[in-house]
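Participant: Here you go, one structure.
The values are calculated or read from the model by the stated rules, or taken from the named source; none is laboratory data. Given the structure is predicted, the values throughout are model-derived calculations rather than measurements. Here the Cβ positions follow ideal geometry from the backbone for every residue, glycine too, while neighbour counts run over all protein chains shown. Just the protein is used for accessible areas: all its heavy atoms, side chains included, with ligands, DNA and RNA removed. Shrake-Rupley method; radii C 1.70, N 1.55, O 1.52, S 1.80 Å.
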Amino acid sequence: MLGEDHPYTLTSRNNLAGALKEAGDLDLAIPLYERAVADSVRLHGDRHPTTLRIRGNLMAAYRARP
């Protein structure tokens, strides 16, 4: 409804990835984080606070892998 590039859509994707990570489903969480990072870089730039936050979440998901 809001579109792929809406900030709420990006936030929702990041939050869904976080919920999946917390549930232990890293195989689904990591690709969502990767997409969210790519979209945030495209929309906001590489050093935007949103990009940095999502990138940090992605790194935490990588570290959580067994």
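Participant: Could you give the accessible area per residue of the chain, probe 1.4 Å, as a whole number in Å²?
Facilitator: I get 65 Å² per residue for the chain.
Participant: Right, next: Counting only other residues whose beta carbon sits under 13 Å from that of residue 4, what net charge do I get with K and R as +1, D and E as -1?
Facilitator: Here the charged neighbours net out to +1.
Participant: Just to confirm the filter: which trypsin sites (Lys or Arg not before Pro) across segment 32-65 are DSSP coil and have at most 12 other Cβ within 10 angstrom of their Cβ?
Facilitator: Details: sites: 35, 42, 47, 53, 55, 63; in loops: 47.
Passing sites in segment 32-65 are 47.
Participant: Out of the chain, which GluC sites (Glu not before Pro) are coil in DSSP terms and have no more than 11 other C-beta atoms within 10 Å?
Facilitator: Sparse-neighbourhood loop GluC sites (Glu not before Pro): 4.
Participant: Using θ = phi - 60° and the Karplus relation 6.51 cos²θ - 1.76 cosθ + 1.60, list the HN-Hα couplings for segment 52-66 in order, rounded to whole Hz, with x at every Gly or Pro.
Facilitator: Computed from phi, the couplings for segment 52-66 are 5, 5, 5, 4, x, 5, 5, 4, 5, 5, 4, 5, 7, 5, x Hz.
Participant: Given a 1.4 Å probe and every protein chain left where it sits, what share in percent of the accessible area of the chain is carbon and sulfur?
Facilitator: 57
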